[in-house]
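Quick notes on the structure that follows.
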Amino acid sequence: MTPAERRVRSASAIAPLAVVTGVAGWADRLDAALDPSRAAGALLGVLASSAGAARASVLLVNPLTGRLRVVAGIGLPREAVNLDLPPAPRRISDWVLRERRGIIMDGELRDERSEASAPHDQIGSAMCVPLPGARGVIGVLNLARVGNAEPFTPDDLTGLESTSAAIAAILERVTELASARRLWRRASERAPLAAWPEGRAANLALSLVPGASPAPDVCEHVARDDGSLVLMLTEPFGATVPAMRTAEWLRGAFHALATSAAGLGWIAGSLDAGLRARRPGEAARAWFGSLTPSGNLKSCAMGYPAPFCLPSEGTPGQRLLEGGPPLGTGHAGVVYEETALRMLPGDALVVVSDGVLNACSPTGRTWDEAGVIDHLLDHARRPLEPLVEGLTEAARTHAGLAVPTDDLLALALRYTRAH
């Protein structure tokens, strides 16, 4: 028996039927809460039962076609649900949608100006009311009694109309939640890291262990025409969705600015001013670095942990502290400082994220700068890929969590001369 089979057998052996039923019930409720058709069907069942209606339907405007779509029905053929109604300008539902007022119809429809939707179903009395949403009528609601049933009264129509706005609001909210769920899944997917440019003056390696929060740490690079490479690491502040929005804005703005020959301080100042002017309240810690084919390195840390130097000869651990405040938090005219350093072949630079430094053990001890330096002392001569992977794995091991709370990111670049 496989481990998965043992887990299934164990769960079925110890879980009481009431627990299994309760869990399944909650799963069903969540599915219904995020499915407009199921929500409309549940509401329709309550309304039809209260009104003694044998047939009922909820039709919503399909935003892609502008036509009414049956999202739920009682007494309708199964194949009619989740389909747009064919064009029919004399259809009662279309009239109610256009005129934005309810109507009662008793007996067989004989008005040539209108077209019955179910002429062979022996409808005795029917009501059709609009569903007024936040930005206009979003659809219609139909209830019908068949055969010789008692006709609907004006009071029945008034009562149904009194609840139509609340029903429309529920369906709008469910539709928004369903759309948001799909968008959220797409937005929280981690895009694959772009490949490093080849034939440059540096070897680069990046290790990124995603944290529990889907708001990502961002790594971007731009290869300039002169052969130099410009790098950005950034971690936006704030709640998940605003942080994701800030990250995307910084991605685009960085690529627009970094292709020029401007210095890192100027790029940082421009992004800081842009955030404060166009996205007030949004901010991010960031690090910019650039390396030319001749080994000229520049570094600018804006609230991001300062990088560690890893010389080919000598002791690792010197940090490049120059920079300034996090982007979006500076004052008008703030000047971001750069570190300029001439690298020799074999020299390297290592940058780690706040998540690596702040990885906290179960006893409350952070890994901190000392943990990074100890790791670099032990592994400084290793190739870059295992070096950065070892850093993130050591931080995760220190925290004792399978999934860290924050992203763990480590980047290293080693100067190799231009090819």
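The values are calculated or read from the model by the stated rules, or taken from the named source; none is laboratory data. It should be emphasised that the depicted structure is a prediction, and the values quoted were computed from it without experimental measurement. In case anyone asks, the SASA skips ligands and DNA or RNA and just uses the protein heavy atoms, side chains included. Shrake-Rupley method; radii C 1.70, N 1.55, O 1.52, S 1.80 Å.
The table for this structure:
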| item | result |
| --- | --- |
| Share of carbon and sulfur in the accessible heavy-atom surface of the chain [1.4 Å probe, %] | 55 percent |
| Compactness relative to 2.2 N^0.38 Å, alpha carbon Rg of region 144-187 | 1.90 |
| Inter-centroid distance (Cα atoms) of region 45-87 relative to region 340-385, Å | 61 Å |
| Gyration tensor (Cα) of region 290-337, equivalent ellipsoid semi-axes in angstrom | 25, 14, 7 |
| Crossing angle, helix 17-33 versus the chain [Cα axis fit, 0-90 degrees, rounded to tens] | 90 degrees |
| More than 23 Å apart - percent of Cα-Cα pairs taken over region 203-288 | 23 percent |
| Cα pair distances of region 280-419 binned at 5 Å [whole percent] | 2, 10, 19, 19, 19, 15, 10, 5, 2, 0 |
| Theoretical ellipticity at 222 nm over the chain - DSSP helices of four or more residues, -39500 (n - 2.57) apiece, nearest 500 | -12000 deg cm²/dmol |
| Solvent exposure ordering (accessible area, 1.4 Å, most first) of 96, 46 | 46, 96 |
| Accessible surface, the chain, averaged per residue in Å² (probe 1.4 Å) | 53 Å² |
| Sequence of 196, 184, 367 from largest to smallest accessible area, 1.4 Å probe | 184, 196, 367 |
| List 28, 406, ordered by accessible area with a 1.4 Å probe, largest first | 28, 406 |
| If the convex hull is drawn through the Cα atoms of the chain, its volume per residue in Å³ | 241 Å³ |
| Relative contact order of region 195-292, defined on C-alpha pairs under 8 angstrom at six or more residues apart (%) | 34 percent |
| Projected area averaged over orientations for region 119-273, convex hull of C-alpha atoms, nm² | 16.8 nm² |
| Helix 264-278 vs. the chain, principal-axis angle (Cα, 0 to 90°, nearest 10) | 20 degrees |
| Global geometry of region 264-313, whether rounded, prolate or oblate, following the gyration tensor of its Cα atoms and the 1.5 cut on a/c | oblate |
| For region 249-340, convex hull of alpha carbons as volume per residue, Å³ | 94 Å³ |
| Euclidean distance of C-alpha centroids, region 308-331 and region 201-244, integer Å | 16 Å |
| Angle in degrees between helix 368-379 and the longest Cα principal axis of the chain, rounded to the nearest 10 | 60 degrees |
| Kirkwood-Stokes translational diffusion coefficient of region 338-419, alpha-carbon pairs, 37 °C, 0.692 mPa s, µm²/s | 242 µm²/s |
| Added length on full extension, which subtracts the Cα-Cα distance from 0.36 nm per residue, residue 226 to residue 19 | 67.9 nm |
